[in-house]
Amino acid sequence: MAKCSALWNKTHRSSLAAEAVEEIGKMKFIVPCVTRWNSEYNAVQKVVSFSEVQLGEICDRLEVTRLLPHEIAFLKEYAEVLRPLSFALDLLQGEHKCFFGLLIPTLLTLKKKLREQRISTRFFNAAIHTILAAIDKRFAQTFTNQDAKIATATMPQFRLWWLAEPEREDVRQLLVSEASRLDPNEIPEANESGNSAQSDEDFFSYGPEHPSVRSGVADEVRKFLEGTSKSLDCLNEFPKVKRLFLKYNTILPSSAPVERLFSHGGNILTPQRNRLTDEHFEQVLLMRYNRKLVSVAFD
């Protein structure tokens, strides 16, 4: 890794070095960043994407000690073994699928893939063992948490496949119990537009039906769990399950947009202005943020 650091430092500090790398390998190195979880992994993966001949030529051109064959093998195994962990981190910190229900399936799949890697690894058996132990220690309560189970079970992508067979009935009953407690006034009607089969069923009615609330909920949960669609749109057909999904999968928003807002604060966030009321502070900050619009209006 020291040799990789030397390569990264040279290409980061020298445009000539960066151009030499691009000339030889037709691509650039990625320089790790301490504020990004996967930056070192991405940087190593980029290094091993060069051929051994190209790496040798790059090291010679940048006057860095050449990577030996066993060192290149180490880096390749590093990239291969940690690929599932890198993917899991990217998935969980992504902005497009911010659901609590992603956590347990992601962790279970990550553990499975890491165990599979132990069979063929030469250098990272101890590292894999450490990662697995850390996951079990850090997320022990999550794996048994009822809220986490409901959040996962109400996601069409997962339903109950991630559970062992003996546990599936318990979670199904848990869903029925939670759905039965929902306020019926807050549950929207199922979206049946374009569903001709359901319309036919309503037309050929042979008398009023009076199912109990719990049996109706149990039937809806059963139909949802037996479904195969992985699209979130299918939740519109199961209003009670959808309410559970929204209740348990809605997470707190990221602080990143707020941080970007305050980055426009400038001299607003200074000791000289530490006595602003909340309302005045909001007005000053928004005016500074939209100062271009204000100037256009006055022009």
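The values are calculated or read from the model by the stated rules, or taken from the named source; none is laboratory data. A quick note: this is a predicted structure, and the numbers were derived from the prediction, not measured. Positions of Cβ are generated from backbone atoms using ideal geometry, with glycine treated the same way; all protein chains shown enter the neighbour counts.
Scanning segment 114-137 for residues that are under 9 Å from Val81 (Cα atoms) and not hydroxyl-bearing (Ser, Thr, Tyr) turns up Leu114, Gln117, Arg118, Phe124, Ile128.
Provide a single number: the residues in segment 19-75 that are within 25 Å of Arg122 (Cα to Cα) and among the basic types (Lys, Arg). Qualifying residue count for the region: 2. Hey, Thr11 hits all of (1) out of contact with any Leu (no Cβ under 6 Å at 6 or more places or on another chain); (2) in a helix (DSSP H, G or I); (3) within 30 Å of Gln157 (Cα to Cα); (4) not basic (Lys, Arg) but one; which does it fall short on? The single condition Thr11 does not satisfy is (3).
Considering only residues in segment 130-169 that are without any contact (Cβ under 8 Å) to a residue 40 or more places away in the chain and of a type in the set (Lys, Arg), the one that is farthest from Asp233 (Cα to Cα) turns out to be Lys137.
Val31 satisfies every condition listed in (1) in a loop (DSSP other than H, G, I, E, B); (2) out of contact with any His (no Cβ under 7 Å at 6 or more places or on another chain); (3) among the hydrophobic types (A, V, I, L, M, F, W, C) except (2).
Residue-by-condition table, conditions (1) buried (at least 16 other Cβ atoms within 10 Å of the Cβ); (2) modelled with pLDDT under 90; (3) among the aliphatic types (A, V, I, L, M):
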residue: Gly216; (1), (2), (3): no, yes, no
residue: Arg222; (1), (2), (3): no, no, no
residue: Cys234; (1), (2), (3): yes, no, no
residue: Gly266; (1), (2), (3): no, yes, no
residue: Leu286; (1), (2), (3): no, yes, yes
residue: Asn290; (1), (2), (3): no, yes, no
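Scan segment 69-83 and give yes if some residue there is assigned to a helix (DSSP H, G or I) and closer than 30 Å to Asn249 by Cα, otherwise no. Checked against the condition, which is being assigned to a helix (DSSP H, G or I) and closer than 30 Å to Asn249 by Cα, segment 69-83 yields at least one hit.
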